[in-house]
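Only one structure is covered here, and it is reproduced in the block below.
Values in this text are rule-based calculations from the coordinates and carry no lab data. All values derive from a computational prediction rather than experimental measurement. Virtual Cβ from ideal backbone geometry, glycine too; neighbours counted across all protein chains shown.
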Amino acid sequence: IVDVVLLSHAHEDHFDQTASSLLDPDIQIIAPNHDAEKLEALGFSTVQTLAWGGHHVIPAGHGEIEIVAIPADHSRRENISAMLGKGNGYWISFRQQGWEKTIYWTGDSFPTPRVLTAIKPFTAPDVFMPHMGKVGVEGALGQLSMAASDVAEFQAALGAAMIVPIHHTSYDLYREPVHALDAIRAELSGELVYPVVGEILSLY
C-alpha cells in the first residue's frame with residue numbers, strides 16, 4: 001500500500017505515464033512547486049508542494065516522518081539548472097520514542113555551493129541516496145546527473161553511514177555504470193550498498 005508519493009521532480013525518467021496511470025488520483029503527492037500544475041493537469045487532487053527549506057510532518061504510528069525540501073541543482077551551470085526547473089532533494093527523518101534515523105535523497109542534483117549550504121545544518125545522515133548515471137555528457141546541455149566523482153564530493157561533506165546509489169540503470173540515457181563507485185571506494189567513507197530491485201533495506 002502506498003500512502004504518500006514523494007516526488008523530486010516530474011521529468012519523464014522520474015514520473016512517466018506508467019507511474020501516473022498506476023497511482024490513485026487521490027493519493028497524497030509531495031512535490032516541488034514547479035510541478036504542481038503538471039500533476040493537477042494529470043488529475044491528481046491531493047498535491048502538496050514544498051519550496052526549498054519547506055517541511056512537512058507525517059504521523060506514523062507512535063512516531064513521525066519529517067520531510068524537508070533541499071535544493072536540487074540539475075546542473076552545475078546555473079542557467080541550465082534554472083531552465084530544467086526547480087527540483088527538490090529531501091532530508092527525511094524517521095522518529096519514534098527516542099529513536100531516529102535519517103535519509104538524504106539528493107534528487108537530480110550536484111554538490112553545488114547552494115546545496116552544500118542547505119545541508120550544512122544537518123548532522124551526518126544514516127543513508128545517502130545520490131542520483132547517478134552521468135546523464136547528458138554527450139548532449140548540448142552537458143552533464144545532468146552525478147558521476148562517481150560527484151558522489152565522492154557529496155559524501156566528503158556528508159559523512160553518511162551508508163551510501164545507496166540510485167538513478168543509474170533504468171534508461172539508455174545513463175552513461176556511467178553505478179559500479180564506477182568501486183574504483184574510488186577508498187575515497188568513500190561509509191558502507192556502499194547496491195540493492196537489487198525489490199530488495200528491502202532496514203534502518204534498524
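Some values worked out for this structure:
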item	result
Extended-chain gain in nm, criterion 0.36 nm per residue less alpha-carbon gap, R77 and H11	21.9 nm
The chain, relative contact order in percent, only Cα pairs under 8 angstrom and at least six apart counted	14
Distance between segment 20-96 and segment 182-197 - C-alpha centres, whole angstrom	27
Exposure proxy ranking, count of Cβ atoms within 10 Å, fewest first, for D108, D16, D26, D126	D26, D16, D126, D108
In segment 101-204, the GluC sites (Glu not before Pro) that fall in loop regions by DSSP, at most 11 other Cβ within 10 Å	E138, E199
Ranked Y104, Y174, criterion: other C-beta atoms within 10 Å, fewest first	Y174, Y104
Partner lysines for K120 [C-alpha distance under 23 Å; skip if fewer than 8 residues away on the same chain]	K86, K101
Inter-label distance, nm, simple model (7 Å from Cα along the C-beta direction), S21/T123	4.6
